[in-house]
């Protein structure tokens, strides 16, 4: 039997910085084999708008089919784990997009936190924490109770994510210029990286990048570098960010009665995956709050969690 004649499932992880698509062959008993993957830019509707989001999503899907060396076609099941998809408006937008483009014969739209949970926890039970451009904690208990904390977006929340870390650093730089805050090495590193001659130029950069928040979030790496070099302002910013993430997890722990450490914590997002010291500080803070997890899993590719959800749903319908 050729690959073209087999049942295919497609899993999507769409966030504020990137989009991942995994294409898999489905067999019975929830088993699947990933045959192709594709990557593109941000597909968060609130961050980049519908036109850009759909363009990037379609590019990631196209690349997944190319990688599998199979012509694009309607798959048996499509699971989309999209940041912001917990809201009805986003689900309706993605449902309409699928109907117009016939990507999946059947579709399941979930939040990106749900795919992380499916990829990194046994049976999808535990807590997932995303700290990429934004932040969100999401949990599910053995009794299928669900709780979430955070995920309110860059204007209302996203504490502990790369965008908020970078914006807090920029604010600290401007306060230092005013004489309202401590001097910090962040000023020099931010201006040099951005090719700016003075702090006042940060205004234009921030407002020009308002619709490309991943560009600002990427500057968070400068805060980590400054903290490692001993800059007290950078260290204070990251200490607060760690505490914010710990509070997100703690809120879900208590709402799902996971107190006592009886849960798996699945972590994803650039700041958690690529900054080991940040991840370690978070786990130390959770221990101080007496909500440390039983085990920790780092999820590099949440689209595999979307594949797992699609496989389970397809298996249940056959």
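Observations on the model:
- In region 108-129, residue surrounded by the fewest Cβ atoms within 10 Å (Cβ to Cβ) [restricted to those that are under 23 Å from residue 63 (Cβ atoms) and touching a strand residue (DSSP E or B) at 6+ places or on another chain (Cβ under 6 Å)]: 108
- Within the option set 184, 143, 133, being closer than 28 Å to residue 247 by Cα and crowded, with 24+ Cβ neighbours inside 10 Å holds for one residue only, 133.
- Residues that are in a strand (DSSP E or B) and surrounded by 22 or more Cβ atoms within 10 Å (Cβ to Cβ) were ranked within region 54-77; the one that is farthest from the chain's Cα centre (by Cα) is 75.
- Helices (runs of 4 or more DSSP H) lying entirely in region 161-274 (those with 1 or more residues that are within 22 Å of residue 294 (Cα to Cα)): 232-255, 270-274
- Number of positions in region 262-281 that are farther than 22 Å from residue 14 by Cβ and crowded, with 16+ Cβ neighbours inside 10 Å: 7
- All positions within region 78-107 that are touching a residue at least 60 places away in the same chain (Cβ under 8 Å), over 14 Å from the mean Cα position of the chain (by Cα) and either buried (at least 19 other Cβ atoms within 10 Å of the Cβ) or assigned to a helix (DSSP H, G or I) (or both): 78, 79, 103, 104
- Any hit, region 289-301, residues being in a helix (DSSP H, G or I) and either crowded, with 17+ Cβ neighbours inside 10 Å or at pLDDT 95 or above (or both): no
- Matching residues, region 108-137, being closer than 23 Å to residue 164 by Cα and either more than 15 Å from the chain's Cα centre (by Cα) or part of a loop (DSSP other than H, G, I, E, B) (or both): 132, 133, 134
- Inside region 8-27, residues that are more than 23 Å from residue 161 (Cα to Cα) and surrounded by 24 or more Cβ atoms within 10 Å (Cβ to Cβ) make up a count of 7.
- Of the residues making up region 167-187, those that are within 29 Å of the chain's Cα centre (by Cα) and free of Cβ contacts under 8 Å to residues at least 24 places away in the same chain are 171, 187.
- Output for region 130-141, where each listed residue is farther than 14 Å from residue 305 by Cβ and modelled with pLDDT of 90 or more: 131, 135, 136, 137, 139, 141
The values are calculated or read from the model by the stated rules, or taken from the named source; none is laboratory data. Quick caveat: nothing in here was measured; it's all calculated off a predicted structure. In this analysis, Cβ positions are derived from the backbone assuming ideal geometry, glycine residues included, and neighbour counts consider all displayed protein chains.
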